[in-house]
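**Student:** Shown below is the structure under consideration.
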Amino acid sequence: MSDETIAFHAAHQTEEDVRQILTFVYDALREKGYNPINQIVGYILSADPTYVTNYKNARTIISKIERDDLLKILVKSYLDVR
């Protein structure tokens, strides 16, 4: 096993695309009575789409985002890095 760091480059969706999709999914989960943060985190960690409701086609819509893109954007946003 190597101690070298591997550079990872992900640039599939724009930040605005991801923001719109994530907001839509968040709202759909909230409308169905779920805790949207817990459900989205579960989806990100497990890659299991059943964490996201089918309501308003949210499960299909969130699957359009590559999870690595989503994580990249979330980390950049949290750190306020552009």
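The values are calculated or read from the model by the stated rules, or taken from the named source; none is laboratory data. On a predicted model such as this, the values are computed, not experimentally measured, just so you know. When we count neighbours, we look across all protein chains shown, and the Cβ atoms used for this are built from the backbone with ideal geometry, even at glycine. All accessible areas refer to the heavy atoms of the entire protein, side chains included, with ligands and DNA or RNA removed. Shrake-Rupley method; radii C 1.70, N 1.55, O 1.52, S 1.80 Å.
**Student:** Which residues does the label zone of ARG19 cover in segment 38-71, counting backbone N under 16 Å from a point 7 Å along Cα→Cβ?
**Tutor:** Residues 70-71 qualify, since their backbone N sits under 16 Å from the label point.
**Student:** Given springs between every Cα pair under 10 Å in a Gaussian network model of the chain, which of VAL18, VAL41, VAL52 has the largest fluctuation?
**Tutor:** Judging by the Gaussian network model, the answer is VAL41.
**Student:** Express the accessible area of the chain per residue in Å², computed with a 1.4 Å probe while the remaining protein chains stay in the model.
**Tutor:** Heavy-atom accessible area per residue stands at 73 Å².
**Student:** Among the aspartates and glutamates, which have Cα under 14 Å from the Cα of LYS56 when same-chain residues fewer than 8 positions away are ignored?
**Tutor:** The qualifying aspartates and glutamates are ASP27, GLU31.
**Student:** Suppose accessible area is computed on protein heavy atoms with a 1.4 Å probe; arrange LEU79, LEU74, LEU29 from highest to lowest. Before the final figure, lay out each step's value.
**Tutor:** Numbers: LEU79 110, LEU74 70, LEU29 0 Å².
Order by accessible area, largest first: LEU79, LEU74, LEU29.
**Student:** Figure the gain on full extension for ILE44 and TYR78 (residue separation times 0.36 nm, minus the Cα-Cα span) and round it to one decimal in nm.
**Tutor:** Full extension from ILE44 to TYR78 adds 10.6 nm.
**Student:** Over segment 17-56, with every protein chain in place, what whole percent of the accessible area is carbon and sulfur at 1.4 Å, could you tell me?
**Tutor:** Answer for segment 17-56 is 51 percent, counting heavy atoms of protein chains only.
**Student:** Let me ask you something else. Could you state how much accessible area LYS72 has, in square angstrom rounded to the nearest 10, with a 1.4 Å probe and all protein chains kept in place?
**Tutor:** So the heavy atoms of LYS72 present about 90 Å² to solvent.
**Student:** Cross-link candidates for LYS72: which lysines have Cα within less than 18 Å, leaving aside residues fewer than 8 places away along the same chain?
**Tutor:** Correct list for LYS72: LYS64.
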